[in-house]
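Data block below; observations after.
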Amino acid sequence: MKNNATTELVCYDYFAMIKVFLVEDEFVIREGIKKNIDWEGHGYKFAGEASDGELAFPMIKKEKPDIVITDIRMPFMNGLELSKLIKKEMPWVEIIILSGFEEFEYAKEAIKLGVAQYLTKPISGDDLLKELDVLSSKIEDNKREREIREKYLSEMKENTVSERKGFFENLVTGVQSAADLIQAAEKLELNISSIYYNIMLSKINVSTHGQDEFSHRLISIEEEIENYIDEDYIIMFDRDLEGKAFLFKADSEEQLETLINDFCEKAKEIFDRYEGISYFAGIGERADRLRDIPHSFETANKAFTKRYFTDENAFVRSSEIEEKDISDANFDVESLDVKQLDRSKIKEFLKFGDGAETEYFVDEYLAGLGSNAIKSQIFRQYLVMDIYFSVVEFASGLSVEGDEQNLSGYKPDLVRTEEESRNYIISIINKGIELREGNVSGHNNDVVDSVKAYIEENYADDELSLNRIASHVNFSPNHLSMVFSQQTGNTLIKYLTDFRMNKAKELLKCTNKKSSEISIMVGYKDPHYFSYLFKKTQGVTPTQFREG
């Protein structure tokens, strides 16, 4: 009777016994059903019993049976009322109603509720077993379908994360209209319609010696944050190595402020529970409509750049940033804060900064030197030379020809004005970032080539996964996912799936092997999942594809 097929998931166990719960107010009948059937001998577990629906319902919620057998007429709560509650809270439970009445209205109501069988009493143990066996097969089919669907969603999660990244990029750059953004959000099952918005950018750093420990802590923190937020009000987006972004939505200014304050408080509480955690977040200005979100993002980014100038954990609002005026008054050497003339800040930004942040970083760096430091031409000349040599030193560490070739057009001449100085500093730092990105890109190309070769050698292994591939190239899974997407335009999981599907199509066309054999040959030990995935990605079943 039972289907022995198995799958890779652990959500359900096909060899586990089907659990049956009995609700019957007549003791003699209840005992007869309970004792006259060899439950375990037929592959069932008798999970419990009750004399009426009121007693039964809390027991059913606790036991979570697969099948409930219930009388229709009972005191306190009858079988139809019980069935209605079960179907509302546990729609997967199959229900058999037993009745001494052959009344059409009862049967009709039972059908409306989704009851599986409506049987009249008395019923023999053999007849009841036949009905249970029919339902058992249906239950296992439904479990398999749910498991396959959940496995697919789990494997394709990387694709969803990637699509959300792209959506966030469009949201904060203003390249799409409000109508297009709303439509794109709906495809991702996101609701972005609101009256007020705000953007928060955040990053967590973990002080640890091991990559596994780093990933474990980061994943734990992210899971806690995800469990806290409600996407009706807060949507989280992954920004790869730049951290996370949060879109806050509210119907009033007061609600928006409460959302942000409560989130900051909760996030701080979560962060403080982990050792070796440092964090920083920048909060933008409120946006009153979708098309104003890019401004909220820009101001959040400005606040977020403050992380290069402090060792403190903080949530900084753009409104709290003090605008310093460096245009008036004459330079006073005593106003120069030499402690802020720190190459390490430049090098830190060159390592981790983004070109979109450079102007904010430079303005903050100059302001930190003193209100009038840049007024002195002598100091301006010293400053641009110091930053130039910082970039040259950084470029040399990348194994590129810093001052002789790549930076040859950036040797500082005599700078005349404050604006020229600022523009030069921005340009030379951006050039350093460009060299870094080029160097990383070259290395990443090698990594991607290694990943592709590894997939080609191991695609038939059913245990091949993002985590295993990442371990092979000595990357964290998240980092590898980001790098692979940037270099190829596809997520790694999509590449692996497409590779396997192409191999499967080749085997379907060029051999007479069964679909179940081909499934194993391309890395799927469950043929049911292989068929599901093939149809999902190719639009036809393996059999239909083979038939042309």
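The values are calculated or read from the model by the stated rules, or taken from the named source; none is laboratory data. What you are looking at is a predicted structure, and each value in this text was computed from that prediction instead of being measured. All Cβ positions, glycine included, derive from the backbone under ideal geometry; neighbour counts span all protein chains shown. We work out accessible area using only protein heavy atoms, side chains counted, and drop any ligands, DNA or RNA first. Shrake-Rupley method; radii C 1.70, N 1.55, O 1.52, S 1.80 Å.
For the pair residue 393 and residue 254, the difference between a 0.36 nm per residue extended length and the Cα-Cα distance amounts to 45.1 nm. Available extension along the chain between residue 310 and residue 291 is 3.6 nm, counting 0.36 nm per residue and deducting the alpha carbon span. Checking the cross-link pairs 87/494; 34/84; 165/266 against a 31 Å limit on the alpha carbon distance flags 87/494 as lying beyond it. Label-to-label distance for residue 160 and residue 85 is 3.3 nm, based on points extended 7 Å past Cα in the beta-carbon direction.
Roughly speaking, to the nearest percent, how much of the stretch 416-526's 1.4 Å accessible area is carbon and sulfur? Within the stretch 416-526, the accessible surface is 44 percent carbon and sulfur.
Could you calculate the FRET efficiency of residue 278 with residue 142 from 1/(1 + (r/R0)^6), where r is the beta carbon distance between them and R0 is 56 Å, rounded to 0.05?
0.75
For the pair residue 457 and residue 73, a Förster radius of 51 Å applied to the C-beta separation gives a FRET efficiency near 0.15, rounded to the nearest 0.05. Sorted on the mean count of surrounding Cβ atoms within 10 Å across their residues, most packed first, peptides 509-516, 424-431 read 424-431, 509-516. Among the GluC sites (Glu not before Pro) within the stretch 159-210, which fall in a DSSP loop and have no more than 12 other Cβ atoms within 10 Å of their own Cβ? Loop-located and lightly packed - 189. With a simple spin-label model that places each label point 7 Å from the Cα along the Cα-to-Cβ direction, the separation between residue 182 and residue 232 comes to 1.9 nm. DSSP loop (so not H, G, I, E, B), at most 16 other Cβ within 10 Å: list which GluC sites (Glu not before Pro) in the stretch 435-519 pass both filters. Passing sites in the stretch 435-519 are 463.
A simple spin-label model places pseudo-atoms 7 Å from Cα toward Cβ; at residue 430 and residue 472 they are separated by 4.0 nm. As a calculated quantity, the FRET efficiency between residue 169 and residue 222 at R0 = 30 Å, using C-beta atoms, amounts to about 0.90.
With all protein chains in place and ligands, DNA and RNA left out, the 1.4 Å accessible area ranks 230, 251 as 251, 230, largest first. For the stretch 237-305, the share of accessible area belonging to carbon and sulfur comes to 43 percent (1.4 Å probe, ligands and nucleic acids excluded).
Summing Lys and Arg as +1 and Asp and Glu as -1 over all other residues whose Cβ lies under 14 Å from the Cβ of residue 186 gives a net charge of -2. Does anything in the stretch 61-93 have its amide N under 17 Å from the 7 Å Cα→Cβ label point of residue 27, and if so which residues? Counting backbone N atoms under 17 Å from the label point, the list is 75.
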